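Here the structure is laid out as structure tokens; the discussion comes afterwards.
The values are calculated or read from the model by the stated rules, or taken from the named source; none is laboratory data. Since the model is a prediction, treat every value here as computed from it, not as a measurement. With ideal geometry, Cβ positions are generated from the backbone for all residues, glycine too; neighbour counts draw on all protein chains shown.
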Amino acid sequence: MNIEFTGILLRAANNNRTVAVEATTLADALGELTTKFPAMDRVLLDNTGNLRKAHRVFLNGELIPHPNHAMPLGDDDRIEFFTAVAGG
């Protein structure tokens, strides 16, 4: 499966816009990402290991409003992470 990044997450992924991982759940994918890119851990996850609320998860182009770690994933799936931008 492929995971796509933008913004601060793109920098945490060493500027790799797309990263291929082998995962059957969202938890597996997050684990592989944080192993490949240690900086991703503090940017993507909070101190309890859950996704930070600033990130939106899209699975195959569809917003997943409440992603959970047990969410099943297949080889042909595509996850996109978008980070909310704040400022004034």
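Return a yes/no flag: does segment 21-43 have any residue that is among the small types (G, A, S) and either outside any helix (DSSP H, G or I) or under 18 Å from A84 (Cα atoms) (or both).
Taking segment 21-43 and keeping what is among the small types (G, A, S), we get 23, 27, 29, 31, 39.
Going one step further and asking which of them are either outside any helix (DSSP H, G or I) or under 18 Å from A84 (Cα atoms) (or both), we end up with 23.
Checked segment 21-43: at least one residue is among the small types (G, A, S) and either outside any helix (DSSP H, G or I) or under 18 Å from A84 (Cα atoms) (or both).
Of everything in segment 8-45 that is in contact with a strand residue (DSSP E or B) (Cβ under 8 Å, 6 or more places away or on another chain) and charged (D, E, K, R), the residue that is farthest from V57 (Cα to Cα) is K36.
Would you check which residues across segment 44-66 are free of Cβ contacts under 8 Å to residues at least 24 places away in the same chain and either in a strand (DSSP E or B) or within 13 Å of F82 (Cα to Cα) (or both) and list them? Show your work before the answer.
First, the residues of segment 44-66 that are free of Cβ contacts under 8 Å to residues at least 24 places away in the same chain: 45-53, 59-66.
Those that are free of Cβ contacts under 8 Å to residues at least 24 places away in the same chain and either in a strand (DSSP E or B) or within 13 Å of F82 (Cα to Cα) (or both): L45, L51, R52, K53, L59, G61, E62, L63, I64, P65.
The set of residues from segment 7-20 being within 21 Å of L73 (Cα to Cα) and either part of a strand (DSSP E or B) or of a type in the set (V, I, T) (or both) comprises T18, V19, A20. Residue count for segment 11-30, restricted to those that are buried (at least 16 other Cβ atoms within 10 Å of the Cβ), out of contact with any Asp or Glu (no Cβ under 6 Å at 6 or more places or on another chain) and free of Cβ contacts under 8 Å to residues at least 24 places away in the same chain: 1.
Each row is one residue, and each column tells you yes or no for (1) at pLDDT 95 or above; (2) touching a Cys at 6+ places or on another chain (Cβ under 9 Å); (3) among the aliphatic types (A, V, I, L, M).
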residue	(1), (2), (3)
L9	no, no, yes
T25	yes, no, no
T48	no, no, no
K53	no, no, no
L63	yes, no, yes
H66	no, no, no
D77	yes, no, no
